[in-house]
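Peer 1: Handing you this structure, nothing more for now.
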Amino acid sequence: MIMFACLLCLQQASAQELQARVSVIAARVNSTVDRKIFTTLQNQITTLLNSRKWTNDVFRETEKIECSFILNIENVPEPNVYKATLTVQAARPVYNSTYQAALVNYIDPEVTFRYVEFQPVEFNENRVQGTDASIANLTAVFAYYAYTILGLDYDSFSPKGGEQYYRKAQQIVTNAPEGKNISGWRLFDGVRNRYWLNENLINNRYNIMHDVIYAYYRSGFDNLYDKEKEARTNILQSLIQLDAFNKENPNTMILQFFLQGKYLELIGVFKKGTPEERTKAIELLSALDIVNATHYKQELQ
């Protein structure tokens with residue numbers, strides 16, 4: 001009995017941080033390719049994310065960060081080389097509730113990698129680079145998003161609490177694999193990519209975004225159960241801060257990244273607000289989240 005208790009404590013002490021679900025979809029891939037390879041890859045990535053210890057902290061089972069990754073194989077440009085998109089979603093629990101508030105809802109449009117079934121799918125932060133279009137690029141992408149998710153989660157519980165994990169992601173960006181068709185890691189690869197997301201998260205000029213993240217989740221959503229009016233006021237204040245940030249720094253990736261996937265929960269929050277709060281929310285959200293402006297106006301007016 002004592003030995004069992006010790007083993008249980010040891011297991012809890014080393015509990016990993018992520019509770020990730022991984023799907024590898026290959027509906028567009030030629031039917032001559034053996035589909036089993038994608039199941040094998042899916043299992044290997046799941047093991048990488050859920051078995052690796054990403055921080056030095058101890059997470060209880062109920063504290064694990066729920067996240068999902070959908071790797072959608074678009075085509076096979078050459079044998080064993082795959083081009084894909086990656087959908088990344090993550091959420092964190094709201095205090096005194098079963099609700100999971102969205103942390104990440106993002107599609108990475110271009111992930112190219114080389115994979116041969118059963119080859120090791122591992123990540124070594126001290127040696128990120130690999131051969132042209134290698135598996136190193138895929139594991140670097142997943143590790144990058146793992147650290148980014150951790151950073152956002154920690155930011156949501158303490159002011160600027162996620163900085164060390166954004167720095168971990170920065171190391172991956174700095175040492176990212178290079179080669180034919182590998183993109184998303186460099187500033188010249190576009191204006192919406194892994195480089196720019198990380199740059200925005202560690203840029204001191206954008207420090208207000210970390211205050212917004214904390215206020216939105218910790219001062220806002222975590223108080224909805226027993227201090228609903230105060231919570232709604234705090235969420236509205238975080239939107240006012242976002243609006244000021246956007247006017248000073250228009251078209252940043254971090255602002256769009258933060259708002260993606262949040263329109264339904266924001267509508268849910270402000271539907272219960274006063275007419276003045278709903279009017280202000282429509283004004284702010286229609287300017288900040290233009291894609292969903294119609295939804296805000298229809299649901300909150």
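All of the numbers you see were taken from the coordinates with simple rules; none came from a lab. Model, not experiment: these values are computed from the prediction. All Cβ positions, glycine included, derive from the backbone under ideal geometry; neighbour counts span all protein chains shown.
Peer 1: Provide the packing ranking of 240-246, 110-116, 72-78, i.e. peptides ordered by the mean count of other C-beta atoms within 10 Å per residue, highest first.
Peer 2: 110-116, 240-246, 72-78
Peer 1: Roughly how many whole Å is it from the C-alpha centroid of segment 232-247 to that of segment 57-89?
Peer 2: Value for the Cα centre distance between the two parts: 31 Å.
Peer 1: Using r as the Cβ-Cβ distance of E276 and Q298, and R0 as 25 Å, what FRET efficiency do you calculate, to the nearest 0.05?
Peer 2: Efficiency, rounded to the nearest 0.05: 0.85.
Peer 1: Okay, moving on. Between I240 and V33, 0.36 nm times their residue separation minus their Cα-Cα distance comes to what?
Peer 2: Roughly 69.4 nm would be gained on extension.
Peer 1: Okay, next question. E125 to N96: extension gain in nm, 0.36 nm per residue of separation minus the Cα-Cα distance?
Peer 2: Extra length from E125 to N96 when fully extended: 6.8 nm.
Peer 1: For the peptides 28-39, 49-60, 95-106, 143-154, what is the packing order when you average, over each peptide's residues, the other Cβ atoms within 10 Å and list the highest mean first?
Peer 2: Top of the packing list down: 143-154, 95-106, 49-60, 28-39.
Peer 1: Here is a further query. In Å and from the alpha-carbon atoms only, list the Rg and Dmax of the chain.
Peer 2: Answer for the chain, Rg first and Dmax second: 20.5, 62 Å.
Peer 1: A further question follows. Can you tell me the length gained on complete extension of the stretch N105 to E63, counting 0.36 nm per residue apart and subtracting the Cα distance?
Peer 2: 13.1 nm
Peer 1: Would you kindly compute the Cα radius of gyration of segment 142-275 and its largest Cα-Cα separation (Dmax), both in Å?
Peer 2: 16.2, 55
Peer 1: Further, regarding this structure: What FRET efficiency do you get for E283 and I202 if R0 is 30 Å and r is their Cβ-Cβ distance, rounded to the nearest 0.05?
Peer 2: Computed FRET efficiency for E283 and I202 comes out at 0.45.
Peer 1: Among the listed pairs K53/K180; K247/K271; K229/K271; K64/K227; K272/K297; K227/K247, which are separated by more than 22 Å between their Cα atoms?
Peer 2: K53/K180; K247/K271; K64/K227; K227/K247
Peer 1: Enumerate the aspartates and glutamates that K280 could reach by cross-link, defined here as Cα to Cα under 20 Å, with residues fewer than 8 away along the same chain left out.
Peer 2: E228, E230, D243, E248, E265, D289, E299
Peer 1: Volume per residue, Å³, of the convex hull around the alpha-carbon atoms of segment 208-300?
Peer 2: Output value, Cα hull per residue: 82 Å³.
Peer 1: Share of antiparallel DSSP beta bridges in the chain, in percent to the nearest 5?
Peer 2: The answer is about 75 percent antiparallel.
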